[in-house]
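Right, one structure below, let's go through it.
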Amino acid sequence: MISFAVLDWAAWAPGLSDRLQWLQWKANPALPSGTDAPALEQVPAMLRRRMDQLARMAIEVALSSGRQAGDDEDIAWIFASRHGEVARSLGLLESVATQSSLSPIGFGLSVHNAAAASYSII
């Protein structure tokens, strides 16, 4: 038998960046909208500039969860993703269809575990 406990949580969406905002949203839920993304100032610029909005959101949540739990604790992370960066995947498919060259960086960020890999690098 496997058992676990959720000790803390974190979430991020456009307009909902801290716990208080999420608790207020819970009282009157609505679909978050917008194109803003977390700044990720603690992430090296070279890595940050390659991330799309969804990857930035996932990394922000992982980093803020670590800050809440404390750096000295052994935390098990579960990243779940069915797709990588969809816009990059579509770009790669268009390149294949037009017999253009493929971008190695584009491929690396299009796979389903791209955000988890970026987090492990950070």
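A short reminder: the numbers here are calculations on the coordinates, not readings from a lab. All figures in this text were calculated on a predicted structure; none of them were measured in a lab. Positions of Cβ are generated from backbone atoms using ideal geometry, with glycine treated the same way; all protein chains shown enter the neighbour counts.
In terms of packing, defined here as the mean over residues of other Cβ atoms within 10 angstrom, the peptides 4-10, 42-48, 53-59 line up highest first as 53-59, 42-48, 4-10.
Between Val96, Val86, Val111, the Gaussian network model of the chain with springs among Cα atoms under 10 angstrom shows the greatest mean-square fluctuation at Val96.
Where the alpha-carbon atoms of the chain are placed on the principal axes, they occupy 49, 35, 35 Å, in descending order. Across the chain, the longest run free of exposed loop sites, meaning GluC sites (Glu not before Pro) lying outside DSSP classes H, G, I, E and B with no more than 11 other Cβ atoms within 10 Å, spans 74-122. As I understand it, the value is the acute angle between the Cα axis of helix 86-97 and the longest principal axis of the Cα atoms of the chain; what does it come to in degrees, rounded to 10? For 86-97 against the chain, the angle is about 10 degrees.
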